[in-house]
Amino acid sequence: MTKQFKPATILAQAHVDKIPRTNEITPPLHLSTTYVRDADNEYSSGLVYGRPHNPTIQHVEQVLTTLEQGADSMAFGSGMAAATAVFQALKPGDHVIAPKVMYWSLRNWLAGMATEWGLQVSFVEMSDLASVQESIRPGKTQLVWVESPANPLWSIADISAVCDIAHAVNARVVVDSTVATPVLTRPVLLGADMVMHSATKYLNGHSDVLAGVLVTAKLDAFWQRVQQVRTNHGGILSPRDGSQLLRGLRTLHLRVRESCRSAMAIAEYFDQHSGVSSVLYPGLARHPGHDIACRQMTGGFGGMLSMRFKGGKCAAIDVAARVKLWKRATSLGGVESLIEHRASIEGSNTPVPDDLLRLSVGIEHVDDLIADLEQALNQQ
Ligand code: PLP
């Protein structure tokens, strides 16, 4: 299946017209960890051993490569395994720029182990291009990490503009596009060198697989180093999870569209609510990143939003305790809606205000989701 098809078509058929030899409609699950060598001592299939190669995983990767319009992809056992593989392919002494507000585990890893190991890390306000420019160290800065919309304040980074700044000093730009998904944003088309997804979230969509993906815009020496990291560290996604992920991918576009529609309706409904001090959602016209989001995201502003409560931390925690339909759990991007007091999970050094709840909007009926939040707020 070629790149001429629209995302919905690539996804619905999981990128294959038919499986060679068996003509299956559903992609098969390949479990073998090793492959037979040919009589001439070669491996004509290109498959040698399960740690670098697996056909089910290659199938997942082909779907993601096509969808993101990249040159190649790699699937990992988690989003963190994918993200850290990128940084592990750098060298001690290299400088990287990352957002102040980003997925907290990766921020902690960058500030802790990655720094101890020799990376120099600057955390900047990624939506402020002047700050990005100021923190560049020509000759030293190798990579700029972008997350957009950024978890959990949903600030928007201008991916093209960050690429211009980074590319002027030959630094790469890698975008964590977990929340946007390839349905809404394709960072490679905006100039990014690599795209990362926690496939645990929307790409799988059913909260039953941990997975991560990297897509590269070009096949270069850096991509080869990242491939070596995955092979040597054993970070490849398991084929069973790859098969589940393929199944989830086939409805990605439908789930994302529904979540976006509902998130927009929820944001608009609670924006003026008497118990809510602000709703953070890039779809709202007064959101500081709205204009960039309109340019950069097509078909919606994502299924994630946050709310801050006039009654402070206690009010936020009370609302999370009183909802009946929303599930009080961490994670995002599943078919079921989740609500979470983010500061509680991120700990004392979090930049997230303690009066904030993060909402991952699933595919339940939006009227039920709004009514449940309303009854929880009205009990205050
Ligand atoms: N990036 C974002 C935006 C996330 O929300 C997460 C997990 O919540 C990750 C990366 C890490 O992914 P995983 O939990 O699959 O390791």
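The values are calculated or read from the model by the stated rules, or taken from the named source; none is laboratory data. Everything numeric in this text was worked out from a predicted model, so none of it was measured. Heads up, the Cβs are rebuilt from the backbone with ideal geometry, glycines too, and the neighbour counts pull from every protein chain shown. The accessibility values were calculated without ligands, DNA or RNA, using every heavy atom of the protein model including side chains. Shrake-Rupley method; radii C 1.70, N 1.55, O 1.52, S 1.80 Å.
Between the alpha-carbon centers of the range 29-83 and the range 102-116, tell me the distance in whole angstrom.
For the range 29-83 versus the range 102-116, the Cα centre distance is 28 Å.
Expressed as a whole percentage, what fraction of the accessible surface of the chain belongs to carbon and sulfur atoms when a 1.4 Å probe is rolled over the protein heavy atoms? Walk me through the numbers before you get to the answer.
Numbers: 8190 of 15830 Å².
Exposed carbon and sulfur together represent 52 percent of the surface.
Report, as a whole number in µm² per second, the diffusion coefficient that Stokes-Einstein gives for the range 100-251 at 20 °C and 1.002 mPa s using the Kirkwood radius over alpha carbon pairs.
Rounded to a whole number, D works out at 131 µm²/s.
Kirkwood Rh, Cα Rg: Rg to Rh for the range 175-257? Working shown, then result.
Details: Rg = 13.3 Å, Rh = 13.6 Å.
Radius of gyration over Kirkwood radius for the range 175-257 works out to 0.98.
In degrees from 0 to 90, rounded to the nearest 10, what is the angle of the helix 79-88 Cα long axis to the longest principal axis of the chain?
Tilt relative to the chain: about 60 degrees.
With N residues in the range 252-378, what two-decimal value do you get for its Cα radius of gyration over 2.2 N^0.38 Å? Before the final figure, lay out the partial values.
Numbers: Rg = 13.8 Å, N = 127, 2.2 N^0.38 = 13.9 Å.
Taking N as the residue count of the range 252-378, the ratio is 0.99.
Beyond 15 Å, what share of the Cα-Cα pairs of the range 337-380 remains, rounded to the nearest whole percent?
52 percent
Where only protein heavy atoms count, and the probe is 1.4 Å, what is the accessible area per residue for the chain in Å²? Walk me through the numbers before you get to the answer.
On the way: 15830 Å² over 380 residues.
It amounts to 42 Å² per residue over the chain.
Relative to the first principal axis of the alpha-carbon coordinates of the chain, what is the inclination of helix 239-249, with its axis defined by its Cα atoms, in degrees from 0 to 90 and to the nearest 10?
Its long axis makes an angle of about 50 degrees.
What spacing in nm lies between the two simple spin-label points modelled at Gln224 and His273, each 7 Å away from Cα in the Cβ direction?
5.4 nm
If you place +1 on the Cβ of every Lys and Arg, -1 on the Cβ of every Asp and Glu, and leave all else neutral, what size is the dipole of the range 160-315 about its Cα centre, to the nearest 20 Debye?
On the way: 17 positive and 10 negative charges, 49 e Å.
Rounded to the nearest 20 debye, it is 240 debye.
Report the paramagnetic label zone for Ala12: residues of the range 176-206 whose backbone N is under 17 Å from a point 7 Å from Cα along the Cα-to-Cβ axis.
Taking a point 7 Å out along Cα→Cβ of Ala12, the residues of the range 176-206 whose backbone N falls under 17 Å are 183.
How far is helix 312-322 tilted, in degrees, relative to the longest principal axis of the Cα atoms in the chain, given as a value from 0 to 90 rounded to the nearest 10?
70 degrees
D for the chain, whole µm²/s, Stokes-Einstein with Kirkwood Rh over alpha-carbon pairs at 37 °C and 0.692 mPa s: what number?
Details: Rh = 21.4 Å.
Estimated diffusion coefficient is 153 µm²/s.
Note the full-extension length gain between Ile370 and His290 as 0.36 nm times their separation in residues minus their Cα-Cα distance, in nm to one decimal. Before the final figure, lay out the partial values.
Values: separation 80, 0.36 × 80 = 28.80 nm, distance 2.29 nm.
Result: 26.5 nm gained on full extension.
Suppose every K and R has +1 on its Cβ and every D and E has -1 on its Cβ; what is the size of the dipole of the chain about the Cα centre, in Debye to the nearest 20? Mind dumping the intermediate values first?
On the way: 34 positive and 36 negative charges, 60 e Å.
Dipole about the Cα centre, nearest 20: 280 debye.
Bin by bin, in steps of 10 Å, what percent of the Cα pairs in the range 77-184 do you find, going until the bin that has the longest distance?
Bin by bin from 0 Å, the calculated values are 15, 52, 31, 2.
Put +1 on the Cβ of each Lys and Arg and -1 on the Cβ of each Asp and Glu in the range 7-249; which of Thr66, Gln244, His197 then has its Cα farthest toward the positive end of the dipole?
Of the listed residues, the answer is Gln244.
Along the charge dipole of the range 252-378, Cβ charges K/R +1 and D/E -1, which of Ile292, Gly362, Gly275 sits furthest on the positive end?
Ile292
Can you list, largest first and rounded to whole Å, the semi-axes you get for the range 67-132 by taking the square root of 5 times each eigenvalue of its Cα gyration tensor? Spell out each step's value before the answer.
Values: eigenvalues 85, 57, 31 Å².
Working through the eigenvalues yields semi-axes of 21, 17, 12 Å.
Among residues other than Ala150 whose Cβ falls under 11 Å from its Cβ, what is the net charge (Lys/Arg +1, Asp/Glu -1)?
So the environment of Ala150 carries a net charge of -1.
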